[in-house]
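Notes follow the structure.
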Amino acid sequence: IPAWQILALTFTNKAAGEMKKRVESMLPPDVPGRRGLVVSTFHAFCAMFLRRHAVECGVDPDFVIYDADDQRAAMKGALVEAGLDAKNFQPAAVHSKISNAKNQLVDAATFRDNAADFAARQVAKAYEAYEKILERNKALDFDDLLMRVALSLERNEELRRIASHRYRYVLIDEYQDTNRAQFAIARYI
């Protein structure tokens, strides 16, 4: 099996580093295609995939990735833009609901359309405002990395073909811990 056809995914940087170190110690340096072997976290893999296929995935090729502080600031701004009081809608709680939605592959428009009660409709407003802030800043949050790749692979047959030809063998550490977005990525590849 050519090493470049293997994609090994895990959840933390520490686990990815340990896996990579173990694999590299077992592979002879002259193995053909060794350089293309990917041992990574889901998020790092998705960031790499989005950089390579930005146009097909509908993202700006120069996107930035918001860290936790950036996300918190964007969420606070989104609450203001949505006209919501941070005393009634705590930024961390609202962001958690948005994060859960993204991990279930639910975008802002779908979330809004399915909002059945007052609280959900308010979160939907914040979700849409949050997405506008990210878009204005050419930014993606950690959950976007997964959601954008999963949805792009789902909707674009050519991307699926490219990914499945490139990564013929997908190994997932702690597979039982995958969320819906991660499961979809593995399935479509």
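The values are calculated or read from the model by the stated rules, or taken from the named source; none is laboratory data. None of these values were measured; they are calculated from a predicted model. Don't worry about glycine lacking a Cβ; one is built from the backbone with ideal geometry, like all the others, and counts go over all protein chains shown. In case anyone asks, the SASA skips ligands and DNA or RNA and just uses the protein heavy atoms, side chains included. Shrake-Rupley method; radii C 1.70, N 1.55, O 1.52, S 1.80 Å.
Tabulated data for the structure shown
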item: Most to least accessible of M147, M19 (protein chains only, probe 1.4 Å); result: M19, M147
item: Potential lengthening between R52 and L171 on full extension [0.36 nm per residue; Cα-Cα distance subtracted]; result: 40.7 nm
item: Distance (nanometres) between label positions extended 7 Å along Cα→Cβ at A3 and T110; result: 3.8
item: Alpha-carbon Rg with Dmax, taken over segment 21-82, Å; result: 17.9, 57
item: In Hz, Karplus ³J(HN,Hα) per residue of segment 177-186 (6.51, -1.76, 1.60; θ = phi - 60°; x = Gly, Pro); result: 8, 5, 8, 4, 5, 5, 4, 4, 4, 4
item: Qualifying GluC sites (Glu not before Pro) in segment 98-189, DSSP loop, other Cβ atoms within 10 Å at most 14; result: E174
item: Additional length obtainable on full extension of the chain from R121 to K138, 0.36 nm per residue less Cα span; result: 3.6 nm
item: Carbon/sulfur fraction of accessible area - segment 13-57, other protein chains in place, 1.4 Å, %; result: 57
item: Cα-based Rg and Dmax for segment 50-123, where Dmax is the largest Cα-Cα distance (Å); result: 14.0, 41
item: Separation in nanometres of the label points that stand 7 Å from Cα toward Cβ, at D70 and E24; result: 2.6
item: Residues in segment 57-90 reached by a label modelled at E157 [backbone nitrogen below 16 Å; 7 Å Cα→Cβ]; result: none
item: Derived scalar couplings ³J(HN,Hα) [segment 19-25; Karplus, 6.51 cos²θ - 1.76 cosθ + 1.60; whole Hz; x for Gly, Pro]; result: 4, 4, 4, 5, 4, 5, 6
item: Residue among V80, A126, S152 farthest towards the positive dipole end of segment 25-182, charges placed on Cβ; result: S152
item: Karplus-derived 3J(HN,Hα), 6.51/-1.76/1.60, for each residue of segment 149-160, Hz, glycine and proline x; result: 5, 4, 5, 5, 5, 5, 8, 10, 4, 5, 5, 4
